[in-house]
Amino acid sequence: MKQFPCLILVLLMSLSTTAQLAAEEQQVSIKLAKIVPVPQSLPATLLNDLNKRHERLDTWRSGIKEKVEKFNALGSFKPGSTEDALRRRDLEKLAEEAKSCSIAVKKFNAEVEALTASPSTRDQAAASWSRQWNAAENKKVLTALEAFKDAKLREWIENKAPKDRVPGTPSSLPPAASDMISANGTMLTFKDGFFDQRASDTKRENLLAFEAGKVLWSANMTGKVDQSQSLEDWFKGFLRTNPGLVEELKAARHQGEGLSDLGDLADAQSQFAHVFRARALGLGSKERQSELNLFKNKISPLLEK
């Protein structure tokens, strides 16, 4: 059998180290890149998905290698014969399949490698992300922050609010609010549930804004908002001046979802968090915007710390 067309060789050589198919006088050889291992420390849902994709890709690669072995076992045929034409056609199909497999492996490897990347490229932001974050989780948080209408509150959460990553409790049910995120003192604590695919983006945005407000309160409750008043004293007076404000803002819906099912309401920290959420997400009636603007002006100095 004469040498196979150089076109096929050139086609696959462009795939660099990912896949190479070399046509020689009598044999075809193929070299496919190895699939990178999946870090087993990832959240359960993400880990399960990546492990399944890894298994499918590995099976695909093995199948291509088996096809090459069968192809080579057929031997040679008379050039120009019907059999030779069919063999050339099979080689072209094998080349295309190897190319497709190569693309899929490269995409998978890039996704997995990104999971071990640093959560932020900015020193200030990176310092506020503690423990082990992967790029996919970091991106999920930043995507939730994009829904914030108040840029200053968004930037405070991203760059200054301390953020921690802890495991959650595995469950077959969609994550409850307590399994997604919580304010642990002055730390904004993200759990596995926050990254669960069954949780809606809107729920993530609502809870992130609410719990961030609790963190700001805990960190600055005794801090001065003017020369004579602490944040706590000023906010209690603010609520007395604006009765019913918290109840209204708690019921306000962001993208069709609210926080009316949360039990947090009576304590000052939760009340502050409901106002913070409304300001961050651009909620509240037109009649309440003056109160929300005053709230923002009073807390602005605390965001610079």
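When residues in the stretch 37-87 are screened for being in contact (Cβ under 8 Å) with a residue 12 or more places away in the chain, more than 25 Å from Phe194 (Cα to Cα) and of a type in the set (A, V, I, L, M), 4 of them pass.
Scan the stretch 85-101 and tell me whether some residue there is closer than 30 Å to Pro170 by Cβ and either at pLDDT below 90 or in a helix (DSSP H, G or I) (or both).
Of the stretch 85-101, the ones closer than 30 Å to Pro170 by Cβ are none.
So far as the stretch 85-101 goes, no, none of its residues is closer than 30 Å to Pro170 by Cβ and either at pLDDT below 90 or in a helix (DSSP H, G or I) (or both).
Inside the stretch 61-96, residues that are small (Gly, Ala, Ser) and over 29 Å from Ile35 (Cα atoms) make up a count of 5. With the structure loaded, tell me whether Leu283 is touching a strand residue (DSSP E or B) at 6+ places or on another chain (Cβ under 9 Å), open to solvent by less than 30 Å² (accessible area, probe 1.4 Å) and at pLDDT 95 or above or whether it fails that test. For Leu283, the condition - touching a strand residue (DSSP E or B) at 6+ places or on another chain (Cβ under 9 Å), open to solvent by less than 30 Å² (accessible area, probe 1.4 Å) and at pLDDT 95 or above - is met.
Just one of (1) without any contact (Cβ under 8 Å) to a residue 40 or more places away in the chain; (2) in a loop (DSSP other than H, G, I, E, B); (3) crowded, with 22+ Cβ neighbours inside 10 Å fails for Ala266. It is (3). Among residues of the stretch 185-236 being small (Gly, Ala, Ser) and surrounded by fewer than 22 Cβ atoms within 10 Å (Cβ to Cβ), the one that is farthest from Ala144 (Cα to Cα) is Ser228. In the stretch 104-117, the residue that is most open to solvent (accessible area, probe 1.4 Å) out of those that are touching a residue at least 12 places away in the same chain (Cβ under 8 Å), part of a helix (DSSP H, G or I) and not acidic (Asp, Glu) is Lys106. Contact annotation: residue pairs with Cβ atoms under 9 Å, 6 or more positions apart or on different chains, pairing a residue in the stretch 272-285 that is farther than 8 Å from Ala209 by Cα and in a helix (DSSP H, G or I) with a partner that is at pLDDT 95 or above and of a type in the set (S, T, N, Q), are Arg279/Asn293.
The values are calculated or read from the model by the stated rules, or taken from the named source; none is laboratory data. The structure displayed is predicted, hence computed values, not measured ones. Neighbour counts run over all protein chains shown; Cβ positions are idealised from the backbone, glycine included. Protein only, heavy atoms only, side chains kept; ligands, DNA and RNA dropped before computing areas. Shrake-Rupley method; radii C 1.70, N 1.55, O 1.52, S 1.80 Å.
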